[in-house]
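Taking it in order: structure first as structure tokens, then the write-up.
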Amino acid sequence: MKKIILVILSYIIIFFNSNLLSDEDSKILKVGLLAPLTGEYKELGNSILYSLQLALEEIDDENVFIIPRDAGFNQENKLNNAIQDLKAEGVKIIIGPISNEDFDIVKKYNELTFISPSNITPEFTNNIISIGVSLESQLIALTNFILKKKRNKTVIMFPENEYTYLIEEKLKKLNLNNKRVFKYSPNPEILTGEIEILTNYAQRKKNLQRRKKMYQDKEDDQSIKELERLEQIYTLGEVNFDSVIIIDFGNNLKSVLTSLVYTDVSHERVLITTINQWFDESIFYENTIKDLYYPSINYKEFKKYNKNYYNKFGTYPNEITILTYDALGLIYYAWRKNGKIDSINDFFFKNKIKGKIGTFSFENKKVIQELNIYKTENNKFIKF
């Protein structure tokens, strides 16, 4: 078993000064930060800065400097100007960009390395490493979980929209394209009818009506009891799958779950799973499925991080900030391990690394998180 290296993911002094020490001192680590510090998304940018300030209190390393620059959000000129400023400061490693839509811009700066909280792809892309909770990491966790639960008739469900092709590509890369796939409309009025077809709902309703007729004119005790039992159910007959993976979130996910309940899909017979929901507690009150499973980051660390952040700043952080928090730890580990950071090659690790969100592996130039499986039960998130 590979050794898991515990990396404390907070090692920085935030230094808001453009005139930093020269590169003559090899003990200095300069880390650039590209974030929206003004405009529509400034609250996100400020939340990232707060998380780094929180990290400062956990360990004191006066040789590490964060140089923040306002890169806006999907603003090409502002992003380019920010990168040029960081280059002038002698920065070689940068946290950001926040959005994968800026990747084509930062790829041009191949002398720099970028660590992004995006989850668009786990593969190292040119000079960019994305450490967000990727769909690949989630699907690996879910398929392993379903296998442990001894289910082998899985349906992978996702909506027909502009991201459909991305999901299909990822299923192919993971050799999951041979699984049964069900694509549905994001329109709730159409969705229910599609789920009825998937679950063979109409036929199962007919089966029930036919069975009831068999006992309606009988007066013996056994027939009366059976008819009473049939009156308590909505369909008769099983669906032809034993597990589902729903790649969706928010109101769309809730619509799918509601449709599964409406078509009498029993959570006792069908294992119902979905993707990372970032411990959104609204699912407790709007979810109609009692047992819903999904992969996510370390819940205890997530709660601890949120509590510390709230106690310090009086507000709760954006979820993405725990990723930038981990990005700093990853950079610091690489710097301490290699004595430098010159390129993306300095992040080719053989060992696993443990961060706030969980354990990372970096095999084959790919970032995969080892995620936990959680179950929603009695208004709590229970680790499986």
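Computed from the coordinates by the stated procedures, all read-outs in this text should not be read as laboratory data. What you are looking at is a predicted structure, and each value in this text was computed from that prediction instead of being measured. Here the Cβ positions follow ideal geometry from the backbone for every residue, glycine too, while neighbour counts run over all protein chains shown.
At-a-glance table
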quantity	calculated
Candidates 212, 356, 179, ranked by Gaussian network fluctuation over the chain, Cα under 10 Å, top entry	212
Angle in degrees between helix 76-88 and the longest Cα principal axis of the chain, rounded to the nearest 10	40
Size descriptor, Kirkwood hydrodynamic radius, that averages inverse alpha-carbon separations across the chain, Å	23.2
The stretch 177-222: radius of gyration over Cα atoms, expressed as a fraction of 2.2 N^0.38 Å	1.83
Pair residue 75, residue 377: separation of 7 Å Cα→Cβ label points (nm)	4.8
Descending semi-axes in whole angstrom, ellipsoid equivalent of the stretch 334-382, from the Cα gyration tensor	32, 11, 7
The stretch 237-380 - Debye-derived log10 I(q)/I(0), Cα point model, q = 0.21 Å⁻¹	-1.25
Environment charge at residue 211 (Cβ cut-off 15 Å; Lys +1, Arg +1, Asp -1, Glu -1)	+3
Base-10 log of normalised Debye intensity for the stretch 294-352 (one unit scatterer per alpha-carbon) at q = 0.28 Å⁻¹	-1.11
Rel. contact order, % - alpha carbon contacts under 8 angstrom, at least six apart, the chain	20
Residue among 191, 112, 208 with the largest mean-square fluctuation in a Gaussian network model of the chain, springs linking Cα atoms under 10 Å	208
Simple spin-label estimate for residue 336 and residue 85 in nanometres, 7 Å along Cα-Cβ	3.0
For the stretch 168-300, alpha-carbon Rg over 2.2 N^0.38 Å	1.29
The chain: antiparallel DSSP beta bridges as a percent of all, rounded to 5	30
Theoretical gain in end-to-end length, residue 63 to residue 179 [0.36 nm per residue, Cα-Cα removed]	36.7 nm
Euclidean distance between Cα centres, the stretch 114-152 to the stretch 184-214, Å	34
Inter-centroid distance (Cα atoms) of the stretch 28-99 relative to the stretch 228-249, Å	49
Convex hull per residue volume in Å³, alpha carbons only, for the stretch 128-176	98
Those aspartates and glutamates that a straight Cα-Cα span of less than 16 Å connects to residue 149, excepting residues fewer than 8 apart in one chain	242, 268, 291
Computed [θ] at 222 nm, deg cm²/dmol, the chain (DSSP H ≥ 4; -39,500 (n - 2.57); rounded to nearest 500)	-11500 deg cm²/dmol
Convex hull volume per residue for the stretch 116-227, taking Cα atoms only, in Å³	161
Ranked by how many other beta carbons lie within 10 Å on average, peptides 251-258, 40-47, 116-123 from highest	116-123, 251-258, 40-47
